[in-house]
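Colleague: Here it is, the structure in full.
The values are calculated or read from the model by the stated rules, or taken from the named source; none is laboratory data. Bear in mind that the values here come from a model prediction, so they are computed numbers and not experimental data. FYI the Cβ positions are ideal-geometry reconstructions off the backbone, even for glycines, and counts take in every protein chain you see. The accessibility values were calculated without ligands, DNA or RNA, using every heavy atom of the protein model including side chains. Shrake-Rupley method; radii C 1.70, N 1.55, O 1.52, S 1.80 Å.
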Amino acid sequence: ELCSLQMLHVLDFADNDLSGHLPICLGNLSGFHDVMLYHKVPPDVPYAFITQVELVVKGRAMAYTKTLKLVNIIDLSSNHLQGDIPEEVSNLLALGTLNLSRNQFTGKIPKKIGSLGLLETLDLSWNSLSSSIPPAMSHMTSLNFLNLSHNNLSGPIPSTNQFLTFQDPSIYGGNPGLCGEPLPTKCQILTGQNS
């Protein structure tokens, strides 16, 4: 039923006791598919009763009042969610913040996550994600807050576009298999040998 809420654009179940898998239908939340311009918000949307909402964005609590209509956030942090992060999350093209930190997610970061071109905040820290950081994430040119720490990620950190601006090594800490800037661990260049 949650996935059928067409106007939903703030989903905050952080710090609860939720368990199980993230539903695939989350990718169908139409409120996250298109950017809703401020002047196009339907007048009958009942925002008048809201005086202030506090959300965690970019790692800190922020209060929203009049601009709440413009906020597109999914925060499911600090729960007991597990399994893969569904690839369908990549359908949420208007998503501004995705916080799935402090859960028990396994598997890979979805390859198509780079299609979230408006995403400004991505926190996947303190999970059990494995494999490499998808190269397509370098296409996320709006991204200005990233935390991938304390997972089982490995391989080179992308070194183009927004990743050049992430100079704090702590956002990659706790992933002993990662290498490249800004970490002190250099990536080994494998050279092919002809037999």
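Residues checked against (1) open to solvent by less than 30 Å² (accessible area, probe 1.4 Å); (2) over 21 Å from LYS112 (Cβ atoms); (3) in contact with a helix residue (DSSP H, G or I) (Cβ under 8 Å, 6 or more places away or on another chain); (4) among the β-branched types (Val, Ile, Thr):
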site	(1), (2), (3), (4)
PRO134	yes, no, yes, no
LEU143	yes, no, yes, no
ASN147	no, no, yes, no
ASN151	yes, no, no, no
GLY155	yes, no, no, no
THR160	no, no, yes, yes
GLN167	no, yes, no, no
GLY173	yes, yes, no, no
CYS179	yes, yes, no, no
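Colleague: When the residues of segment 4-28 are narrowed to those that are over 14 Å from LEU81 (Cβ atoms) and loosely packed, with under 14 Cβ neighbours inside 10 Å, which ends up modelled with the highest pLDDT?
Modeller: Once the filter is applied, the top-ranked residue is CYS25.
Colleague: Please identify the pairs in which a residue from segment 2-31 that is on the phi > 0 side of the Ramachandran plot has its Cβ atom under 9 Å from the Cβ atom of a residue that is among the aliphatic types (A, V, I, L, M) and open to solvent by less than 80 Å² (accessible area, probe 1.4 Å), counting only partners at least 6 apart or on another chain.
Modeller: If the second residue must be among the aliphatic types (A, V, I, L, M) and open to solvent by less than 80 Å² (accessible area, probe 1.4 Å), the pairs left are GLY20/LEU81.
Colleague: Which residues, counting only those in segment 135-156, are in contact with an Asp or Glu (Cβ under 6 Å, 6 or more places away or on another chain) and hydroxyl-bearing (Ser, Thr, Tyr)?
Modeller: The answer is SER142, and nothing else.
Colleague: Taking SER128 as the residue in question, decide whether it is among the polar types (S, T, N, Q) and more than 22 Å from LEU18 (Cβ to Cβ).
Modeller: no
Colleague: Return the pair list, or none, for Cβ contacts closer than 9 Å from residues in segment 128-150 that are within 22 Å of GLN104 (Cβ to Cβ) to residues that are open to solvent by less than 50 Å² (accessible area, probe 1.4 Å) and of a type in the set (Asp, Glu), at least 6 apart or on different chains.
Modeller: Close Cβ pairs (under 9 Å, with a partner that is open to solvent by less than 50 Å² (accessible area, probe 1.4 Å) and of a type in the set (Asp, Glu)) amount to LEU146/ASP123; ASN147/ASP123; LEU148/ASP123.
Colleague: Let me ask something else. Scanning segment 68-82 for residues that are polar (S, T, N, Q) and in a loop (DSSP other than H, G, I, E, B), which turns out modelled with the lowest pLDDT?
Modeller: ASN72
Colleague: Ok, one more. Return the pairs, sorted by first residue and then second, in which the second residue is open to solvent by less than 80 Å² (accessible area, probe 1.4 Å) and assigned to a helix (DSSP H, G or I), the first residue lies in segment 161-173 and is without any contact (Cβ under 8 Å) to a residue 60 or more places away in the chain, the beta carbons are less than 6 Å apart, and the residues are 6+ apart or on different chains.
Modeller: What qualifies is ASN161/SER138; PHE163/SER138.
Colleague: For segment 86-132, enumerate the residues that are β-branched (Val, Ile, Thr) and either surrounded by fewer than 18 Cβ atoms within 10 Å (Cβ to Cβ) or within 13 Å of LEU76 (Cβ to Cβ) (or both). Quick ask: steps written out before the conclusion?
Modeller: To start, the set of residues in segment 86-132 that are β-branched (Val, Ile, Thr) comprises 89, 97, 106, 109, 113, 121.
The answer is VAL89, THR97, THR106.
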